[in-house]
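Please treat every number below as a calculation from the coordinates, not as lab data. Values in this document were obtained by computation on a predicted structure and should not be read as measured data. Neighbour counts are summed over all protein chains in view; Cβ atoms, including those assigned to glycine, are modelled from backbone coordinates with ideal geometry.
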Amino acid sequence: MKSSFLLIFMAVWIISGCSPAPSIDEALTQTVLDHHWETFISNDLEGVMEDYTEESILITPNGTYMGLDEIRQNFVNAFKAFPAGQATLTLTESLAVKDIGYILWEADTPAFNLSYATDTFIIRNGKIIRQTYAGVREDK
């Protein structure tokens, strides 16, 4: 009887107390958002990639990119679409709430305009682990 009680107690303790909720640093979420935006508008591929891990996933209308190699290729292509010195990107909104980051932005490039673009990020331990992107593109 004592061993059954001990097993039940241990199971409840493990389930409820062994894995405490992670601490969420909202200021760190904002820092990652700011870094990501600054490196993105600077076409700084290595800087942008510092924000991701091998477990990161980026979902866009054009595809889902998993891991560093696929996410890197997405940004190689993005930087071709937003050529440095020829594209104007404007950040309209940047919000950090707990581990969620949100940006709203627009862009004017030689080939197209983005009248509305948005990214949502899940940020943990200073890294983007999940991201979605959507935008309204009008070709010139």
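The fewest-to-most ranking of SER42, SER94, SER23 by surrounding Cβ atoms within 10 Å reads SER23, SER42, SER94.
If R0 equals 22 Å, the separation of the Cβ atoms of GLU26 and ILE59 corresponds to a calculated FRET efficiency of about 0.40. Fewest-first ordering of LEU28, LEU33 by other beta carbons within 10 Å of each residue's beta carbon gives LEU28, LEU33.
Sorted on the mean count of surrounding Cβ atoms within 10 Å across their residues, most packed first, peptides 119-126, 47-54 read 119-126, 47-54. Taking other residues whose beta carbon is less than 12 angstrom from the beta carbon of THR118, and scoring Lys, Arg as +1 and Asp, Glu as -1, yields -3. Taking every Cα-Cα distance in segment 24-139 and sorting them into 10 Å bins from zero, the calculated P(r) comes out as 14, 49, 33, 4, 0 percent.
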